[in-house]
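Single-structure report; data block below.
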Amino acid sequence: METVAGLAISRGLVAGPAFIYRADSLPAVPEREIAPDGVDDELARFNSARAEARRQLTVLIGQLKERGGGGETDVFVNHLELFDDVLLVAAVERNIREKHVNAEAAVRRAMGEFREVFARMTDPYMRERARDLDDIERRILRVLTATEETTLSQIDRPVIIVADDLTPSETVTMPREFVLGFATDRGSTTSHVALLARALGIPAVVGLGDISMRVKTGDTILLDGTGGTVTISPDEAAIAEFERMMRRSRELYSQLSGGGAGFVGLKDGTPVTLRANVQPGLPLCGLATFGAEGIGLYRSEYLWLGEDKNPSEEKQTKAYTEAARVVAGLGRGARVIFRALDLGGDKLMSGNLVREVNPFLGNRSIRWLLSHRDVFRTQLRAFLRASAFGPSSVMYPMIATRDELRAANEELERAKAELAAEGVPFDASIKRGCMIEVPSAALAADQLAREVDFFSIGTNDLVQYTLAADRGNEQVAYLYQPAHPAVIRLVDMTVKAAKARGFPVAVCGESAADPVMAALWIGLGVTSLSMGASGIPVVRKLLRGLSSADVAELADKVRAMCDDSSAADIYGFCRAFLLERVPDFEAFQT
Ligand code: PEP
Ligand code: MG
């Protein structure tokens, strides 16, 4: 038995069988020299493996089509042709005939040479083909070495997914009803798997080193998403103790989850709006369960992930309308804030052909939208059409300059004019918001405030860009500090700019789900918090125990500390302050 410590990113305890998933795992390739009279046999092995790999892919395409996976299918259809590529086949055969190596090594060498040629090409389309070769290589080698392919879509019973890391497009095919938890080698509090786990309300631990190499599919593991540990090969006593803790945690959580509808804010009645971050494809029932007052961040880009073309206006309108109808059903002033497509960084379409050297600083998000106006306009039309079915707002991501905001608003006006001319109903006074997630936006928030109706601070990116620390890289996780004085000052400036215009300001980054940070943000004047729905009950419980005088005092003290304190000092101070005001705070965190 061994307990491995990582980063706790989604609370809760779960015990169950592991399912190991490693995205890039290539089967080990035995390299052998073959005798001249073995050449024909080796050529036959290669060609029958090629035929079998092609057959398997054809079956997969059929299955995906049946499930309605349009975009993914197109990518694989292109791959089919590569199995018969004359040059590729000739190169492998030449290796067998002339270099006298076995089929596996011949495939590996030929693919390596072709990949290099593709990678040197200047045409991005051709460069991207190098990635297709990886896929073909994996498929043929799997047949030759009789290694089974592991995909998340194979999961057909409750499991804890143990992976090196998970990208957004990998998780689109996963049957979510069977996922008990996530444990990954890499990742951070804002990595994709963290957002997903919190949205689904399932426990997760990331940054566990090499856990995916140390556990086998089917092994029982104990995952503690609150304490941030995973226990491998637990003995009976450990399992019994863990089950006792699981029961206790469930009891506490069910006490917290009730009573959302009566939430009015702080102890003295000061209103605070608590909303959920959601993404298309995940069930919206968590909104009511956890007492969310609508959707504070609708991550629309998930409609694009795993696809190789843009979803149609109809498909988008259908998804957005569903969200608008659900929030209309929640009542109590609930609304949905649709965020325009935030593509780029680690959120890529499978058909996105442009690979950038520095994608987080590249042509992503609003920049990409403003250079693809047709896609942007179509999305705005779909948002507007959905706004006829429930209270909605539109929000622009990654704004760095006022010009971008003005250009985005102009597109919105054009979309409105088109719909009006077509006689299509929409909310003509739909509110427009700007995300504050780039330091320049916070520093010039007073300028931006004149162009919109609300702000929403995306601390996931704001922290990453302020401290220049990749939000998904555990090696620099120590620098990823939401309580850093620089971040606090930027939030403070943003709130002041919003207050001067008398409009609301939210925090929709994951720091909103950390009760300590949530209390500080509210003290600084933030009026609304949005987070993975399962984080709401704990934050609500803490805020109910605090008055507006408490949080204002907390914020004042922290402002004063910003001159001479580290993030750890500030966080520790806030935690102690909150424990003193709400003594049972620690107990309901478990
Ligand atoms: C953020 O950056 O804080 C945010 C909410 O956006 P995302 O996590 O989708 O980048
Ligand atoms: Mg962001």
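The values are calculated or read from the model by the stated rules, or taken from the named source; none is laboratory data. Because the structure is predicted, anything quoted here is derived from the model rather than measured. Counting neighbours? That spans all protein chains shown, and the Cβs are built from the backbone with ideal geometry, glycine included.
Out of the residues in region 164-186 meeting the condition of being within 22 Å of G286 (Cβ to Cβ) and in contact with a Lys or Arg (Cβ under 7 Å, 6 or more places away or on another chain), tell me which one is modelled with the highest pLDDT. The extreme case among them is F178. In this structure, V476 does not qualify as over 21 Å from L196 (Cα atoms), among the β-branched types (V, I, T), modelled with pLDDT of 95 or more and more than 13 Å from ligand 2 (Cβ to nearest atom). In region 430-444, the qualifying residues are those that are touching a residue at least 40 places away in the same chain (Cβ under 8 Å) and among the hydrophobic types (A, V, I, L, M, F, W, C), and the one that is farthest from ligand 1 (Cβ to nearest atom) is I430.
Going by the conditions given, is V495 surrounded by 19 or more Cβ atoms within 10 Å (Cβ to Cβ), more than 13 Å from ligand 1 (Cβ to nearest atom) and under 29 Å from S566 (Cα atoms)? In short, yes. The residue of region 431-453 that is surrounded by the fewest Cβ atoms within 10 Å (Cβ to Cβ), among those that are among the β-branched types (V, I, T) and either over 23 Å from G509 (Cα atoms) or within 16 Å of ligand 2 (Cβ to nearest atom) (or both), is V438.
Close Cβ contacts (under 7 Å, 6 or more residues apart or on different chains) running from residues in region 445-469 that are under 19 Å from T273 (Cβ atoms) and in contact (Cβ under 8 Å) with a residue 60 or more places away in the chain to residues that are more than 15 Å from ligand 1 (Cβ to nearest atom) and among the charged types (D, E, K, R) comprise D453/K431; D453/R432; F454/K431. Checked against (1) under 26 Å from G207 (Cα atoms); (2) in contact with a strand residue (DSSP E or B) (Cβ under 6 Å, 6 or more places away or on another chain), P504 passes all but a single condition, namely (1). For G532, only one of the following conditions fails: (1) within 16 Å of ligand 2 (Cβ to nearest atom); (2) on the phi > 0 side of the Ramachandran plot. What is its number? With (1) within 16 Å of ligand 2 (Cβ to nearest atom); (2) on the phi > 0 side of the Ramachandran plot applied to G532, the lone miss is (2). Would you please name the residue that is nearest to ligand 1 (Cβ to nearest atom), looking only at residues in region 287-335 that are charged (D, E, K, R) and within 23 Å of F455 (Cβ to Cβ)? Per the stated criteria, the residue is R299.
Mind checking whether some residue in region 78-98 is surrounded by 16 or more Cβ atoms within 10 Å (Cβ to Cβ), in contact (Cβ under 8 Å) with a residue 12 or more places away in the chain and closer than 30 Å to Y302 by Cβ? Yes, some residue in region 78-98 is surrounded by 16 or more Cβ atoms within 10 Å (Cβ to Cβ), in contact (Cβ under 8 Å) with a residue 12 or more places away in the chain and closer than 30 Å to Y302 by Cβ. Test D492 against the criterion of being over 17 Å from I399 (Cβ atoms) and modelled with pLDDT under 95, and give yes or no. Taking the combined requirement at face value, the residue does not satisfy it.
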